[in-house]
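The values are calculated or read from the model by the stated rules, or taken from the named source; none is laboratory data. Since this is a predicted model, take the numbers as computed values, not measurements. All Cβ positions, glycine included, derive from the backbone under ideal geometry; neighbour counts span all protein chains shown. For accessibility, only protein heavy atoms count, side chains too; no ligands or nucleic acids. Shrake-Rupley method; radii C 1.70, N 1.55, O 1.52, S 1.80 Å.
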Amino acid sequence: RQCVNDTPKVTLASPEAIRIWMKKDLQDKQKMLRRKEQDVESFICSLTFNITRPQIEYFEGEEGMEKAYMKLLDLTEKELFLYMPMIHKEEEDPLREFRAQYFRERKKRKIFLRVIGHDTPLGRRYKSRDHFEYRQTALAPESSCPVVFEKIIAGDTVACFNHPEKRVCFIHFPELACAERKLFAVTVEKSGEDQQKKL
């Protein structure tokens, strides 16, 4: 290193010095890349581990319930599976205004709703409006389908709605959601058989 006209200059002492510097620089960069690769690998392994574990998410209050309903639309692309206790008329539902908005959004996204409810006068009234609501309802006897709260299966998530307490619980668990969909299909098939016997 020399100073020429008040400007620092570096002069080449030997070509071997450059080779040594390049080799050292290359080794340092390789070590850094290996460390980054190990960090990324560890991060991916931790994600994979967490994905296989059920995760629970909670929502509270009326706003929380509305947020939960809307989030379910983001968790599926084709259809929702709903267990509905049908304890009051649709026009008496405290969330009736929100449900109208929710229906419009669901229909806009072309997400079909499949419902299982009780074979009661309220259930039959609910089913009679299916063609207006972009849904299909199957009715089952209360004894064979003891639905006491609203339950929705969306993608890999099972959502449980407690309306009296205004609380919602999401269980993100693919295996549970798959089992719930199979149970839903069996219940629908059984309700169809029961209806045929009545006829």
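Structural remarks
- Residue list for segment 110-126, filter: over 22 Å from LEU73 (Cα atoms) and either open to solvent by 50 Å² or more (accessible area, probe 1.4 Å) or part of a helix (DSSP H, G or I) (or both): PRO121, LEU122, GLY123, ARG124, ARG125
- Exclusive hit being acidic (Asp, Glu), surrounded by 15 or more Cβ atoms within 10 Å (Cβ to Cβ) and over 21 Å from LYS67 (Cα atoms), set GLU133, GLU180: GLU180
- Scanning segment 136-158 for residues that are in contact (Cβ under 8 Å) with a residue 40 or more places away in the chain and either in a loop (DSSP other than H, G, I, E, B) or open to solvent by 10 Å² or more (accessible area, probe 1.4 Å) (or both) yields a total of 11.
- Candidates are the residues of segment 79-109 that are at pLDDT 90 or above and either part of a strand (DSSP E or B) or among the acidic types (Asp, Glu) (or both); the one that is farthest from ALA185 (Cα to Cα) is GLU97.
- Failed item, numbered, when THR76 is tested on (1) crowded, with 16+ Cβ neighbours inside 10 Å; (2) over 12 Å from the mean Cα position of the chain (by Cα); (3) assigned to a loop (DSSP other than H, G, I, E, B): (2)
- Odd one out for ARG53 among (1) more than 25 Å from the chain's Cα centre (by Cα); (2) part of a loop (DSSP other than H, G, I, E, B); (3) modelled with pLDDT under 75: (1)
- Scan of segment 8-22 for residues that are modelled with pLDDT of 75 or more and exposed (fewer than 10 other Cβ atoms within 10 Å of the Cβ), ordered by number: GLU16
- Contact annotation: residue pairs with Cβ atoms under 6 Å, 6 or more positions apart or on different chains, pairing a residue in segment 54-68 that is open to solvent by 30 Å² or more (accessible area, probe 1.4 Å) with a partner that is among the charged types (D, E, K, R) and part of a strand (DSSP E or B), are GLU60/ARG167.
- Number of the exception - PHE43 against (1) modelled with pLDDT under 95; (2) within 27 Å of VAL186 (Cα to Cα); (3) open to solvent by 70 Å² or more (accessible area, probe 1.4 Å): (2)
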